[in-house]
Amino acid sequence: MTVQSLTEEGLRNLGPYVATMAEIEGLDAHKRAVTLRLKDIEARQPFQTK
């Protein structure tokens, strides 16, 4: 089994692409998990620019 992990910065950078890939592959739960994690990061850092 392959397991991968990302730092918070890595998730900010790759998360949108991961969500898109998950959507294309029909992996709705994976897309939702990434989307929720990204929203959590944004909520904790509301004034950080992208």
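The values are calculated or read from the model by the stated rules, or taken from the named source; none is laboratory data. Just so it is clear, the structure is predicted and the values come from calculations on it, not from any experiment. Positions of Cβ are backbone-derived with ideal geometry, glycine not excepted, and every protein chain shown enters the neighbour counts.
Among the residues of the stretch 24-41, the ones that are surrounded by 14 or more Cβ atoms within 10 Å (Cβ to Cβ), of a type outside the set (Ser, Thr, Tyr) and at pLDDT 95 or above come to 7 in all.
Looking at the structure I just gave you, is Ala19 surrounded by 14 or more Cβ atoms within 10 Å (Cβ to Cβ) and modelled with pLDDT of 95 or more? The answer is yes for Ala19.
It is to be established whether one or more residues within the stretch 42-49 are surrounded by 10 or more Cβ atoms within 10 Å (Cβ to Cβ), at pLDDT below 95 and either out of contact with any His (no Cβ under 8 Å at 6 or more places or on another chain) or not in a loop (DSSP other than H, G, I, E, B) (or both). Yes, the stretch 42-49 has at least one match. Looking across Thr35, Thr20, one residue alone is under 8 Å from the mean Cα position of the chain (by Cα), among the hydroxyl-bearing types (Ser, Thr, Tyr) and in a helix (DSSP H, G or I). It is Thr35.
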